[in-house]
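In what follows, a structure is listed as structure tokens, so that the remarks can point back to it.
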Amino acid sequence: PLYSSAASDVYKRQPIVGAMPTENLSRRHALTLLAIVVLAWGFTWVVSKLLLQYMTPIWAVAARSVVGTAALLVLGLALRRVAWPVKADVPVILSVGLLHMGAFAALVSQGLQYVPAGRSVVLAYTTPLWVIPAARLFLGEPIGRGRQAGLALGLAGLVVIFNPLAFDWHNADAVFGNGLVLLAALCWAANIVYVRAHRWVTPPFELAFWQALLASVVLAAVAWAAEGRPRVVWSPDLCWLLGYGGVFGIAVAYWAAVNVNRSLPAGVTSIGLLGVPVVGLLCSAAILHEPLSTPLVVGMALIVAGIAAGVLDKGRG
């Protein structure tokens, strides 16, 4: 979601060769699609956790990616929005396919073995906090007072969630799992920084199929090497989990997000997407019966406030 926002923001400002003309949605329809994106991506965290009951972690994301790739191809062909990539598209295909759709998804799935889904989605959505200093370092973007305050709030939220004095550092699984999710957030942040610097030639959605295809091939190869031949007991529950995760969590949500970003200001979209960790946390509590501890809720509130402060600062700048 953050990649989509960043990509479309850059895409709006730069001329596109061969882009199909599109009409902006009405504000009402755009906000409806934004709500669908938030719900779809928020619930995907529960789906990802449930998939681990049926498949090993990397095979789970590989299978979901294959379904999403097929769905993106069908949707793209139906909308006549699948384009052959040109040489200038290769770096962004590699960046998104390997860092976001690949490494981020695989690391999160591994981390979900040890970390509750609600906690994972909060940690994963610290990504904008890492983008702020990285964009300053590599892109020369200024860090205004709003971003400084946002970074401080976000880091305070992390301290509240982890609480180093109360965290069980002797629990190797907990340390490993939380570390994997934070590493996933850093991979996503690196992708966002590159996307901001990339000069777009082909519109973002037209490349989505190729990015997902690359991720699927790499994830399947890594899964085969690390986890061996897939051992799957097929059932209706597994089919709907893969179907939802691929069709709605990847294809439909991505298409909707691109349309939202073309119709709403980037700041509005970014703030709206802060609802994803909230939905993920609430769905995890309702469906997976994960406890809503006070430190987790307070930490999430601080992180969301910090990201919002950074977004608002960007909107003024």
Worksheet, complete the sentence: Here, D237 and V90, labelled 7 Å along Cα→Cβ, have an inter-label distance in nm of 4.6 nm
Worksheet, complete the sentence: Residues other than V218 with Cβ under 15 Å of its Cβ, Lys/Arg counted +1 and Asp/Glu -1, net out at 0
Fill in: Calculated FRET efficiency for the pair I36/A197, C-beta based, R₀ 35 Å, to 0.05
0.75
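So for the chain, what percent of the C-alpha to C-alpha distances run longer than 39 Å? Walk me through the numbers before you get to the answer.
Working: 3785 of 50086 pairs.
Tail of P(r) above 39 Å: 8 percent of Cα pairs.
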Practice prompt. Evaluate the relative contact order of the chain (contact order divided by residue number), counting alpha-carbon pairs under 8 angstrom at least 6 apart; express in whole percent.
Written response: 44 percent
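Go ahead and estimate [θ] at 222 nm for the chain from helices alone: -39,500 (n - 2.57) per DSSP H run with n ≥ 4, summed, over the residue count, rounded to 500. Walk me through the numbers before you get to the answer.
Working: 15 runs with 223 residues, N = 317.
Result for the chain, helices only: -23000 deg cm²/dmol.
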Worksheet item: What's the percent breakdown of Cα-Cα distances in the range 113-239 across 5 Å bins, shortest bin first?
Response: 2, 8, 12, 15, 18, 16, 13, 10, 5, 2, 0
Worksheet item: To the nearest Å, what is the center-to-center distance of the range 62-88 and the range 150-189, using C-alpha atoms only?
Response: 34 Å
Worksheet entry | V297-L137 pseudo-label distance in nm [points 7 Å out on the Cα-to-Cβ vector] | 3.6 nm
Worksheet item: If the chain between W224 and H170 were fully stretched, how many nm would it gain, using 0.36 nm times the residue separation less the Cα-Cα distance?
Response: 16.3 nm
Worksheet item: With charges only on Cβ, +1 for K and R and -1 for D and E, what is the dipole size of the chain about its Cα centre, in debye, rounded to 20?
Response: 780 debye
Item to complete: Note down the net charge around K49, summing +1 for each Lys or Arg and -1 for each Asp or Glu among other residues with Cβ under 14 Å from its Cβ.
Response: 0
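Given the convex hull of the Cα atoms of the range 228-305, what is a quarter of its surface area in nm²?
Working: hull surface 31.7 nm².
Average projection, Cα convex hull of the range 228-305: 7.9 nm².
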Worksheet, complete the sentence: HN-Hα couplings for the range 56-63 via Karplus (6.51, -1.76, 1.60; θ = phi - 60°), in whole Hz with x for Gly/Pro, come out as 5, x, 6, 5, 5, 6, 5, 5
Response to the item:
Once W45, W240, W188 are ranked on solvent-accessible area with the largest value leading and a 1.4 Å probe, the list reads W240, W45, W188
Practice prompt. Set the Förster radius R0 to 22 Å, insert the Cβ-Cβ distance between A286 and A152 as r into 1/(1 + (r/R0)^6), and round the FRET efficiency to 0.05.
Written response: 0.10
Fill in: Mean shadow area of the range 86-169, taken as a quarter of the surface of its Cα convex hull (nm²)
7.5 nm²
Practice prompt. Bin all alpha-carbon pair distances of the range 17-120 at 10 Å intervals from 0 and give each bin's fraction as a whole percent.
Written response: 12, 32, 35, 19, 2
Worksheet, complete the sentence: Heavy-atom accessible area of C283, protein chains in place, probe 1.4 angstrom, given in Å² to nearest 10, is 30 Å²
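Rank these residues by their accessible area, most exposed first, probe 1.4 Å: W234, W200. List each step's numbers first, then the result.
Values: W234 160, W200 5 Å².
Descending order: W234, W200.
Taking the Cα centre of the range 16-167 as origin and charging only Cβ (+1 Lys, Arg; -1 Asp, Glu), how large is the dipole, in debye to the nearest 20?
Values: 11 positive and 3 negative charges, 42 e Å.
Charge dipole of the range 16-167: 200 debye, to the nearest 20.
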Worksheet, complete the sentence: Checked against the positive end of the charge dipole of the chain (+1 on Cβ of Lys and Arg, -1 on Cβ of Asp and Glu, about the Cα centre), the farthest of A105, S235, G76 is G76
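The values are calculated or read from the model by the stated rules, or taken from the named source; none is laboratory data. If you're wondering where the values come from, they're calculated on a predicted model, not measured in any experiment. Every residue, glycine as well, gets a Cβ built from its backbone with ideal geometry; the counts of neighbours run over all protein chains shown. Areas reflect the complete protein model, heavy atoms only, side chains present, ligands, DNA and RNA absent. Shrake-Rupley method; radii C 1.70, N 1.55, O 1.52, S 1.80 Å.
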